[in-house]
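All remarks here apply to the structure that follows.
The values are calculated or read from the model by the stated rules, or taken from the named source; none is laboratory data. Since the model is a prediction, treat every value here as computed from it, not as a measurement. Note: ideal-geometry Cβ built from the backbone for every residue, glycine included; neighbour counts use all protein chains shown.
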Amino acid sequence: MKNKVNYRVISLYVFMCVVALVVVSKILVIQRLNQEISSVNLPKLFKIQASRGNIFSDDGSLLAISMPLYNVFLDLSVIDEELFNKEVSILSQSLSTLFKDKSAKEYEQYLREYRSKKRNKYVKLRNKVSHNELTLLKSFPILKLGKNRGGLIAEERPNRENPFGLLARRTIGLLREANPIGLERAYNKTLSGTDGLQLKQRVGKSFWRNEESDLNSLPKSGNDIVTTINIDIQDVTEKALKSALRYHDADWGTAVLMEVESGHIKAIANLKYEDGVFDEHYNHAIAEHSEPGSTFKLASILAGLEDDFYSLLDSVDTEDGTHQFYDKTMRDSKKGGYGKISIGDAFVQSSNVGISKVINRSYKDNPQDFIDRIYKMGLCTPLDIELPYPNSLLIKQPGNPGWSGVTLPWMSIGYSLRLTPLHILTFYNAVANNGVMVLPLFTTQILKDGQKVSERSKQIINPAICSKSSIDQIMPYLIDVVEKGTAKTIRTKEYKIAGKTGTTLLAYGEKSEDNKKQYQTSFVGFFPAEHPKYSCIVVVNNPKENGFYGGNVSAPVFKEISDKVFATDISIHNSIFIAEQTNDTPNLTQGKTDDMSKLLDILSFEHVKTKSNWMVPSISSNMINLERRNIEKDFEEGLMPNLFGMNLLDAVYLLENAGLKVEIKGKGHIVNQSIKKGDRFWANQKISLIASI
């Protein structure tokens, strides 16, 4: 009997323990569930993204703007039952007319279905609603009563638009999580502003309602930036480039127009052409590192002039258009070559043989001098521009792997090194700017509420890439490239263009699938050549139809751009006829005394003149002195005088009177002469003069 009692007590005890465990576990589950429910429904602070600043062109046109879109919801729980039933049909018809995604009947059924639910009467109307659409929504039946009675809730979402579409889109850029690009990336902090905060309460599975709170704060919009881009020039640049890519069935092209003095980039186009469609997928102008080809010959020629290896009037034998450097043959595009021509003319005709022979002869014993000179001219130094770009500049170095006996001659014509189009343009721009190299600029100002916050001014990165004398000597030949050289197809009587063509054989002759060689063509130069205001480069990659030389592919694009700019920029017209005065005294040259004296009288400059027929001007104590020069005596003795600085008309007069035959390059005052000072000359001897303004 006692054992039975013990058994019953133990069984009851075990049962009570099990019950207790079940109760405790239930309590724990309920507590945890309540915590989760409580946590889910707690209000949360959400970040409100600030309105992003605008990006403007140079004339204030919008290139990029934040145009907010809205996600629109309805809180049906706040709408009066009688009002809802009375006006839901009219509201549904209005929504159908506005959005055109559902019929009025479907909208009404949708709204009534959510209205009938006991919970979650928070309904999504539409995502990505524009500001104009939102304004119309606020006038619709029921919704016009506002958030508290009409239930309309609009949540702003960021949205960036480019009003001009493809125009300069790659340079304007795009801000995204992966690989942001362009000015949007470079000026992200400036454009971003300060985000705000909004307290929200969950009212459904995926819906949150704004709540009043002291923690709420309004966002502060970002600053605006003003670019250097000119919409009109950008438009004609892209149209000209599109036309060329289509006509030549090329892979891609880039064109950049730059103001010579300021470095302002007025237009930059980067277009890919594929299956008849254009797109800006890559900024070739600043990121495409490739062999520049013949446009690099200007740097080679200037290097030799600076190191005093030759004069442009010296001759070079281009032979039959071929020359053997060790195991490789250098070739000219013209079969049979040009024979013996001056170094300057070898540049004009873009003779590979001529340029490579001259540079190899000058630097073969110490090629490092050539490399050092190129660096001094700033060609292989990274540009500290605003836009981020990969630095893959390459110039081979003597003694390093990859350098051989053929590297120098091939480098002289633009191979064995890699530069971007913007680097080449910056170099030519410096030549147009009398040797002053300025940094390319893409922006000028930062604005806050229309007021200037900061300004970006011109930045000189090299005050003299070479001597003024070397630039004066090469300038007539840069003009001759267009007047009678490889770019003569773009010659115009309206204004002078100076520049250089380039045709690069890609991958040293590797052929494409259709067994054809691939080329990259280019033209770079400036205009008007007499007083350059703009420089421009055009590069077209892999043209497959209607030619593959820089002169007939890229140069016409340059001219179409320059013609448009010339037609619209009146200051260019003035500069052709009126030289800009930079100081109080005129730029005087040696010559006839009476002619100079008359000119100074007309300009009302006080001066003292010599009684001699010929003079050399000098200035002392703000007085202009026309000092005697006994140049006639030199001619009488058969000795060539120094003609440097003499105006071309007077020089020709003296030389022809002495019985010499005169050949002229350029115009203005003399910067080089083929018969040196002090050398003897004889009747009917030929003398070549280089003149520059």
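For this structure, a couple of remarks:
- Thr97 meets all of the listed conditions (1) at pLDDT below 90; (2) within 52 Å of the chain's Cα centre (by Cα); (3) of a type in the set (Val, Ile, Thr) but one, namely (1).
- Boolean, Pro463 is within 25 Å of the chain's Cα centre (by Cα) and loosely packed, with under 15 Cβ neighbours inside 10 Å: yes
- Among the residues of this structure, Lys239 does not count as one that is surrounded by 22 or more Cβ atoms within 10 Å (Cβ to Cβ) and of a type in the set (Lys, Arg).
- Of all the numbered requirements in (1) touching an Asp or Glu at 6+ places or on another chain (Cβ under 8 Å); (2) farther than 17 Å from Leu167 by Cβ; (3) in the same structural domain as Asp384 (by TED's automatic domain parsing), Gly263 misses one, and that requirement is (1).
- Any chance Lys340 is more than 30 Å from Ser457 (Cβ to Cβ), buried (at least 16 other Cβ atoms within 10 Å of the Cβ) and not acidic (Asp, Glu): no
So that you can scan it fast, the table gives a plain yes or no per residue for (1) of a type in the set (S, T, N, Q); (2) within 30 Å of Asn148 (Cβ to Cβ); (3) more than 19 Å from the chain's Cα centre (by Cα); (4) assigned by TED's automatic domain parsing to the domain that holds Val436:
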position	(1), (2), (3), (4)
Arg209	no, yes, yes, no
Ser217	yes, yes, yes, no
Gly222	no, no, yes, no
Ser243	yes, no, yes, yes
Tyr247	no, no, yes, yes
Thr254	yes, no, no, yes
Met258	no, no, no, yes
Gly276	no, no, yes, yes
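- Residues considered: Leu134, Leu166. Of these, the only one that is hydrophobic (A, V, I, L, M, F, W, C) and under 30 Å from Leu76 (Cβ atoms) is Leu134.
- Applying the criterion of being among the polar types (S, T, N, Q) and within 16 Å of the chain's Cα centre (by Cα) to the residues of segment 395-447, the residue that is farthest from Ile172 (Cα to Cα) is Asn429.
- Residue within segment 579-596 that is under 23 Å from Lys468 (Cβ atoms), of a type in the set (A, V, I, L, M) and at pLDDT 80 or above present: yes
- Looking across segment 286-337 at every residue that is acidic (Asp, Glu) and closer than 12 Å to Val353 by Cα, the one that is surrounded by the most Cβ atoms within 10 Å (Cβ to Cβ) is identified as Asp332.
- Residues in segment 482-499 include at least one that is hydrophobic (A, V, I, L, M, F, W, C), in a helix (DSSP H, G or I), crowded, with 24+ Cβ neighbours inside 10 Å and in contact with a Lys or Arg (Cβ under 8 Å, 6 or more places away or on another chain).
- Residues in segment 185-243 that are modelled with pLDDT of 85 or more, part of a loop (DSSP other than H, G, I, E, B) and of a type in the set (Ser, Thr, Tyr): Tyr187, Thr228.
- Among the conditions (1) modelled with pLDDT of 95 or more; (2) under 30 Å from Arg373 (Cβ atoms), the only one that Ala287 does not satisfy is (1).
- Just one of the listed residues (Leu111, Leu63, Leu91, Leu98) is under 20 Å from Thr135 (Cα atoms), crowded, with 18+ Cβ neighbours inside 10 Å and touching a residue at least 12 places away in the same chain (Cβ under 8 Å), namely Leu91.
- With respect to the conditions (1) in contact with a Phe, Trp or Tyr (Cβ under 9 Å, 6 or more places away or on another chain); (2) among the basic types (Lys, Arg); (3) under 30 Å from Ser57 (Cβ atoms), Lys121 lacks only one, and its number is (3).
- Selection of first residues in segment 129-154 that are not assigned by TED's automatic domain parsing to the domain that holds Ile90 and of second residues that are surrounded by fewer than 21 Cβ atoms within 10 Å (Cβ to Cβ) and not in a loop (DSSP other than H, G, I, E, B), restricted to Cβ pairs under 7 Å at least 6 apart or on distinct chains, gives an empty result.
- Number of positions in segment 115-135 that are surrounded by 15 or more Cβ atoms within 10 Å (Cβ to Cβ) and in a helix (DSSP H, G or I): 3
- So Arg149, is it basic (Lys, Arg) and part of a helix (DSSP H, G or I): yes
- On inspection, Lys144 qualifies as more than 21 Å from Leu62 (Cβ to Cβ), surrounded by fewer than 16 Cβ atoms within 10 Å (Cβ to Cβ) and not hydrophobic (A, V, I, L, M, F, W, C).
- Any hit, segment 648-660, residues being out of contact with any strand residue (DSSP E or B) (no Cβ under 6 Å at 6 or more places or on another chain), buried (at least 19 other Cβ atoms within 10 Å of the Cβ) and over 30 Å from Glu483 (Cβ atoms): no
- Within segment 618-638, not a single residue is within 26 Å of Leu478 (Cβ to Cβ), modelled with pLDDT of 80 or more and not hydrophobic (A, V, I, L, M, F, W, C).
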